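Written out below as structure tokens is the structure these notes cover.
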Amino acid sequence: MDQLTKLHGLGQRAPGDEPIQHLKPQVDPSTLLHRQLLDGPFWQRIPAYRAVDEATFLDHTWQAKNSITNPAKLLAAVQDLVPREFYEDVEQGFHRAPMSIRVSPYLLSLIDWSDPVNDPLRRQFIPIASRLLPDHPKLTLDSLHEQADAPVAGLTHRYPDKALFLVLDTCPVYCRFCTRSYAVGVDTDSVDKVSLKATEERWERAFRYISERDELEDIVVSGGDSYQLKARQVTLIGNRLLEMPNIRRIRFATKGPAVMPMKLITDHEWVDALTAVVERGRKLHKEVVLHTHFNHPNEITAITKRALDGVFERGIITRNQSVLQRGVNDRVDTMQLLVKRLGHCQVHPYYVYVHDLVKGVEDLRTTLQTALDIEKGVRGVTAGFHTPTFVVDAPGGGGKRVAHSFEHYDRETGISVFAAPSVKPGFFLYFDPVDTLAPEIQDKWKHPAEQDRMVEAAIAQARLNQVASAKASSVR
Ligand code: SF4
């Protein structure tokens, strides 16, 4: 007889001790996939890293020094794990890509080399020529018009109270799908980059502009990638912004936790610098947070959890922005797992972007309908504040629009029309990838006159829809 039974008399149950009638059957713990993180020396599967011990693999300087930057280095690392034809495919893809290649040993170790063509991480970082598709005819290099909205080089002021500060042009990895392929990374065979070097002279002009615009309250420090800033640069930028009375919020944007989480474990100087800015901000009643960029659940391992646990212990809030990509995360179950796994690491899933119109990566874009379907499947698997909003970053500088908020979406021609009345007048158009459309519509996209007709018809319909909706509102 247990103590409570003795206390309350034989056969009597303690208050609150009655059996609970579970309305749902218990889940099988093995189905809680988001808690099952890859652990152990998984990198030793790669021939070049067979003798690499944990301390070396966790050293962020070793990761940076051993990153793969060209096809020859890739071959030297993976050796006989891939057939020769795959390697030739990479070589040709490399020459046609608008982005340079940089893949950390960590990322390389997470790719399934028995099926690299279909691996979701390979697809994001290593181009192969055989899978490339022609660009959409309406694509331009800086499709979001970041440069057109930049009063100072590298400072985009689009929304009334927020600015995007591109402090440098390098990253710990280079993503094929990068919207900023016009500036980020070194020149490639197909793109000469706009220079956004980390110079204090350029930053000073940006600081001056920000301090002269009283309406600015929120600064995204990005690039490139904040991970590439030296610790003293994090301190300088953070403090300069915190000292401006108008600034209330700062976000340090970095893909680092997704591609090189060990820096958060072994680069104490950088993490201490960020923590000091966050703590100083807190004392000034200003929010300083980390924004990161995970796209697939395979990017989150036990190393990631350890790194993000450390960040969380320091009281730093982390939010995530994903990019929806074909063959990467365009399935409901994949996106559900990503969202749950981010939550497991105390990262708030904030946005999922419908893939921007970016040069050389048509094979990665999805239709807008895919985003709508996935959002429907994801909403409800966890709490609302851990559920990402699916957005289209409207080409032409309309800013982020909720994917559902189109004025018109012609699923046949693949044209969706958005309006952004609080950002800019006019309509903003997003285009589904041509190869996903019916063959007769694909033919139409080959002719400029037909393209214009389809675009004009979509805008005309958007206008009619706006009028009809205004009428319906006035009746209510
Ligand atoms: S880390 Fe960000 S800025 Fe750098 S290449 Fe990737 S998407 Fe572009």
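Tabulated data for the structure shown
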quantity	calculated
Set D149, D112, D135, D119: member being under 30 Å from R208 (Cβ atoms) and more than 12 Å from the ligand (Cβ to nearest atom)	D149
Failed condition for Q321, given (1) open to solvent by 10 Å² or more (accessible area, probe 1.4 Å); (2) touching an Asp or Glu at 6+ places or on another chain (Cβ under 9 Å); (3) not in a helix (DSSP H, G or I)	(2)
Pairs, first in contact (Cβ under 8 Å) with a residue 12 or more places away in the chain and open to solvent by less than 10 Å² (accessible area, probe 1.4 Å) in the range 161-182, second aromatic (F, W, Y) and more than 7 Å from the ligand (Cβ to nearest atom), C-beta under 7 Å, six or more apart	V167/W203; P172/Y227; V173/F125
In the range 446-456, the residues that are out of contact with any Ser or Thr (no Cβ under 8 Å at 6 or more places or on another chain) and more than 19 Å from P425 (Cα to Cα)	K446, H447, P448, A449, E450, Q451, D452, R453
L144 vs. criteria within 19 Å of the chain's Cα centre (by Cα), more than 28 Å from K230 (Cα to Cα) and hydrophobic (A, V, I, L, M, F, W, C)	yes
In the range 244-269, the residues that are away from the ligand (no atom under 16 Å from the Cβ) and not aliphatic (A, V, I, L, M)	P245, N246, R248, R249, T266, D267, H268, E269
Among (1) in contact with a Gly (Cβ under 9 Å, 6 or more places away or on another chain); (2) surrounded by fewer than 20 Cβ atoms within 10 Å (Cβ to Cβ); (3) more than 26 Å from N298 (Cβ to Cβ) - the single one G398 does not satisfy	(2)
Per-region count, the range 183-223, residues open to solvent by less than 30 Å² (accessible area, probe 1.4 Å) and of a type in the set (D, E)	1
Matching residues, the range 152-171, being in a strand (DSSP E or B), more than 15 Å from the ligand (Cβ to nearest atom) and touching a helix residue (DSSP H, G or I) at 6+ places or on another chain (Cβ under 8 Å)	V152, L155, A163
Residues that are among the polar types (S, T, N, Q) and either in contact with a Ser or Thr (Cβ under 8 Å, 6 or more places away or on another chain) or open to solvent by less than 20 Å² (accessible area, probe 1.4 Å) (or both), drawn from the range 115-146	Q124, S143
Meets criteria (at pLDDT 95 or above, out of contact with any Asp or Glu (no Cβ under 9 Å at 6 or more places or on another chain) and assigned to a loop (DSSP other than H, G, I, E, B)) for G380	yes
Residue within the range 230-253 that is under 29 Å from P134 (Cβ atoms) and over 23 Å from the mean Cα position of the chain (by Cα) present	no
Residue match in the range 278-287 (condition: among the hydrophobic types (A, V, I, L, M, F, W, C), more than 21 Å from Y350 (Cα to Cα) and either without any contact (Cβ under 8 Å) to a residue 40 or more places away in the chain or part of a helix (DSSP H, G or I) (or both))	no
Positions within the range 305-321 being in contact with a strand residue (DSSP E or B) (Cβ under 9 Å, 6 or more places away or on another chain) and closer than 17 Å to L338 by Cα, in sequence order	L308, T318, R319, N320, Q321
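The values are calculated or read from the model by the stated rules, or taken from the named source; none is laboratory data. Keep in mind that what you see is a predicted model, and the values were worked out from it rather than measured. Cβ coordinates were reconstructed from backbone atoms using ideal geometry, including for glycine residues, and neighbour counts include every protein chain displayed. In case anyone asks, the SASA skips ligands and DNA or RNA and just uses the protein heavy atoms, side chains included. Shrake-Rupley method; radii C 1.70, N 1.55, O 1.52, S 1.80 Å.
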